[in-house]
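One structure is given below, encoded as structure tokens.
The values are calculated or read from the model by the stated rules, or taken from the named source; none is laboratory data. Bear in mind the structure is a predicted one, so any value in this text is a computation, not a measurement. So basically every Cβ, Gly included, is an ideal-geometry build from the backbone, and we count neighbours across all protein chains shown. Remember, those area values only see protein heavy atoms, side chains included, never the ligands or the DNA or RNA. Shrake-Rupley method; radii C 1.70, N 1.55, O 1.52, S 1.80 Å.
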Amino acid sequence: MIFTEQIQSYAECFTSGESDILRELREHCYAHYEDRSMLSGFVQGRLLSMFSHMMRPRVVLEIGTYLGYSALCFAEGLATGGRVITLDIQEDTNAVARSFVERSEFADRIEFHLGLATEIIPSLNETFDLVFIDADKPNYSNYFDLVIDRVPSGGFIIADNVLWSGKVLDDSKDENTQALHDYNQKIQADTRVENILLPVRDGLMVSRKV
């Protein structure tokens, strides 16, 4: 984490609260999963919810479900009749995500798909007002290429973990770090989008299609 724990705690003190189901899911994750850093977390979750409320998307595509925390955050700001389509390949975590979503008020607005995102995305007959990329890092650029023509002007593509705990600054980069750095360079050079890299938690690259 780039920011100190004290700064993180201060930010949490001055951030509106999450729902009971989100708090229970977050506590469940922290208690039972060693890879808990994959969860969006409280402050970032509130930011994603805020983005959704600002955009009022009809269709959100989430690439990488994990335990369903971010899907629930996006669902809070959907337009009337809108829905979140969330993709993942892990059956065990997907089962947990489904169990929490089923207990939420958004049970009929979050649609789960299990399988390879590179195969599922082309099969979806949708345009996406908001896309959230938070899956395997080497495929970030591929996911962007798969969705950019399906996002209308004014739509958004948000990618998580683009700072990768600051490793993107290292001269020597492993596969995941290099893929994220390449993604950041790709977005910066793409004239189809305007973008800002927000140093929130592990970094969010926010791109708006012009």
Item to check | Reachable lysines, given that their alpha-carbon falls under 26 Å from the alpha-carbon of Lys167 and they are not under 8 places away in the same chain | outcome: Lys137, Lys186
Checklist entry - On average, how much area does the Cα convex hull of segment 26-83 cover when viewed from any direction, in nm²? => result 3.8 nm²
Checklist entry - Along the three principal axes, how long is segment 1-100 when you take its alpha carbons, biggest first, rounded to the nearest angstrom? => result 39, 32, 25
Checklist outcome for this item: Sorted by chain and then number, the residues having a modelled amide H within less than 5 Å of the amide H of Leu163, at least 5 places away or on another chain, are Gly203
Item to check | Inverse of mean 1/r across different Cα pairs in segment 1-43, Kirkwood, Å | outcome: 11.4 Å
Next on the checklist: How large a share of the accessible area of segment 3-62, in percent, is made up of carbon and sulfur atoms when the probe is 1.4 Å and the other protein chains stay in place?
Outcome noted: 55 percent
Next on the checklist: Test of understanding: what is the full-extension gain from Tyr30 to Ala107, defined as 0.36 nm times their sequence separation minus their Cα-Cα distance?
Outcome noted: 25.4 nm
Item to check | Estimated dipole of segment 25-90 in Debye, rounded to 20 [Cβ of Lys and Arg +1, of Asp and Glu -1, Cα centre] | outcome: 320 debye
Checklist entry - Heavy-atom accessible area per residue, the chain, 1.4 Å probe: how many Å²? => result 49 Å²
Checklist entry - Hey, which aspartates and glutamates would be in cross-link range of Lys173, C-alpha to C-alpha under 15 Å, not counting anything within fewer than 8 residues on its own chain? => result Asp182
Checklist entry - Taking a point 7 angstrom from the Cα of Lys186 along the C-beta vector, which residues in segment 26-68 have backbone N less than 20 Å away? => result 61-65
Next on the checklist: Along its three principal axes, how long is segment 163-210 when you only count alpha carbons? Whole Å, largest extent first please.
Outcome noted: 33, 20, 13
Item to check | Along each principal axis, Cα extent of segment 86-152, largest first, Å | outcome: 34, 25, 18
Checklist outcome for this item: Asserting the computed 222 nm helical MRE of the chain (DSSP H runs at least 4 long, -39500 (n - 2.57) per run, divided by residue count, to nearest 500) equals -12000 deg cm²/dmol
Item to check | Estimated D of segment 37-147 in µm² per second, where Rh is the Kirkwood radius over Cα pairs and Stokes-Einstein applies at 25 °C, 0.890 mPa s | outcome: 178 µm²/s
Item to check | Ellipsoid semi-axes in whole angstrom, largest first, where each is sqrt(5λ) of the Cα gyration tensor of segment 129-210 | outcome: 21, 12, 11
